[in-house]
Amino acid sequence: MTLADIASIGSLISGVAVLASLVYLAQQTRQNVRNSRALIQQGRAARIADTALRIAELRESDAIDKCFTGSSDVTDKDVARFLNVCRAIFVSAEDSYFQHKQGLLEDIAFASFETGVRAGMGAPGMAAGWLLTRDMYELEFRTYLDGLLGDIHAPATSMQMRSLARWRTALASLSG
């Protein structure tokens with residue numbers, strides 16, 4: 001064997017090694033993407049479960065149920081507590097929306113999210129909670145959620161003040 005033959009064999013081995021490294025890197029990248037998506041989904045599920053459990057704890061008082069159903073027979077404190085529940089739900093929804101937009105949340109999980117939003121917003125109190133807190137979220141998400149909800153639109157005047165009177169106004173605007 002000549003020195004040129006040995007150099008050619010070395011180049012061939014080097015090329016095969018580079019190819020094997022690229023295949024391995026592609027495989028690792030795919031696995032990392034899958035692991036990242038699984039962690040995101042797991043975090044999303046934990047966040048939703050935690051919110052559901054906290055709501056269940058709050059339901060010892062009839063006030064939260066009254067807020068969900070859209071009763072105007074609630075106190076300022078009840079509305080404030082309920083709007084914090086709404087805020088937790090909407091922050092979670094905003095996070096799911098942006099995760100999906102960035103390709104981190106799969107379509108099937110996002111479809112489940114949209115179904116849950118539509119079902120949850122069927123409660124008059126949740127819809128009123130959205131009207132009262134929607135200005136707290138990024139414009140693109142507000143536009144998306146308003147579009148998803150169809151009939152629920154931003155009020156003509158700002159409803160950032162979260163009071164019992166605004167609660168009753170938001171509820172009245174939904175039934176009118």
Query raised in the report: So how do Asp65, Asp107 line up by other beta-carbon neighbours within 10 Å, fewest first?
Result: Asp107, Asp65
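With a ≥ b ≥ c the root eigenvalues of the C-alpha gyration tensor of region 49-175, is it rounded (a/c under 1.5), prolate (a/b larger than b/c) or oblate?
Working: a/c = 2.03, a/b = 1.37, b/c = 1.48.
Cα axes put region 49-175 in the oblate bin.
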Query raised in the report: By how many nm would the segment from Leu39 to Thr69 grow when fully extended, if each residue of separation counts as 0.36 nm and the alpha-carbon distance is taken off?
Result: 7.4 nm
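For the ranges 67-74, 28-35, what's the packing order if you count other beta-carbon atoms within 10 Å of each residue, average per peptide, and put the highest first? Each step should come with its number before you reach the end.
Working: 67-74: 17.6, 28-35: 10.2.
Output ranking for 67-74, 28-35: 67-74, 28-35.
For the pair Gln27 and Met1, what calculated FRET efficiency results from E = 1/(1 + (r/R0)^6), where r is the Cβ-Cβ distance and R0 = 45 Å, to the nearest 0.05? Intermediate results must be reported in sequence, preceding the final value.
Values: r = 35 Å, r/R0 = 0.78.
So the FRET efficiency works out to roughly 0.80.
Students often check this: by mean Cβ neighbours within 10 Å, which of 42-53, 118-129 ranks highest, and how do the rest follow? Before the final figure, lay out the partial values.
Values: 42-53: 12.8, 118-129: 19.0.
Ranked by mean Cβ neighbours within 10 Å, highest first: 118-129, 42-53.
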Query raised in the report: With +1 on each Lys and Arg Cβ and -1 on each Asp and Glu Cβ, how big is the dipole of the chain about its Cα centre, in debye rounded to the nearest 20?
Result: 160
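Laboratory data are not the source of any read-out in this text; all were calculated from the coordinates shown. For clarity, every value in this text was computed on a predicted model and none was experimentally measured. In this analysis, Cβ positions are derived from the backbone assuming ideal geometry, glycine residues included, and neighbour counts consider all displayed protein chains.
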